[in-house]
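Here, each number is a calculation from the coordinates, and none is a lab measurement. This one's a predicted model, so the numbers in the text were calculated from it and none came from an experiment. We place every Cβ from the backbone using ideal geometry, glycine too, and count neighbours over all the protein chains shown.
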Amino acid sequence: MLREVWQHRVVDVVLAQLRQGITPEKIALTVAMGLTLGLFPILGSTTLLCFLAGLLLKLNQPIIQLVNYVVYPLQVGGIYFFIRVGEWLTRTPPLQFSIAGLIQQFRAAPLHFFQQFGMTALRGVLAWTVMAPFAAAAIYFLLLPLLRRLARLRGAGANANVA
């Protein structure tokens, strides 16, 4: 089931973009940015971040938003991870919390939530900011050879169909 969804919603979309002439470099950058920005540890912010990155870097909006959507479950778990790394970076004692509890408190009283957890969120953002460039670069350089090969295979397949 998950493999079928991944194939249909991600791989097929990427292949379609390659067929339309988008370069492997641009797709690798788009996926890397979508995945990295999609893990930003503030819920509700990633769609706008991906949109702005897509505009500024002239990336493919459907792909960046699709990747952002697909990594959402990782973002929720990543919040805990980034907050803990941020606490470690700032040498702050760990705050006891649960993601579900944070969401419930935010919905109940947003202003009080920001007063109580604002610095905790900033620690998570700090950790993400330190790690994100390295993660984006790693994803880009891991995907690039795969996408180049896929583009060559697609090009060879298209040339064989023409002959």
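With a cap of 16 neighbouring Cβ atoms within 10 Å, and only residues DSSP puts in a loop, list the trypsin sites (Lys or Arg not before Pro) found in the range 9-104.
K58, R91
With n ≥ 4 as the cut-off for DSSP H runs, can you work out [θ] at 222 nm for the chain, using -39500 (n - 2.57) per run divided by the number of residues, rounded to the nearest 500?
-27000 deg cm²/dmol
May I ask for the Rg/Rh ratio of the range 26-135, computed from Cα atoms with Rh as the Kirkwood radius, given to two decimals?
1.00
In a Gaussian network model over the chain where Cα atoms closer than 10 Å are linked, find which of A100, A136, A53 has the largest mean-square fluctuation.
In this elastic network of the chain, the residue with the biggest mean-square fluctuation among A100, A136, A53 is A100.
Which is farthest toward the positive dipole end of the chain among V130, T23, G78, measuring Cα position about the Cα centre, with Cβ charges +1 (Lys, Arg) and -1 (Asp, Glu)?
Checking the options against the dipole of the chain, the answer is T23.
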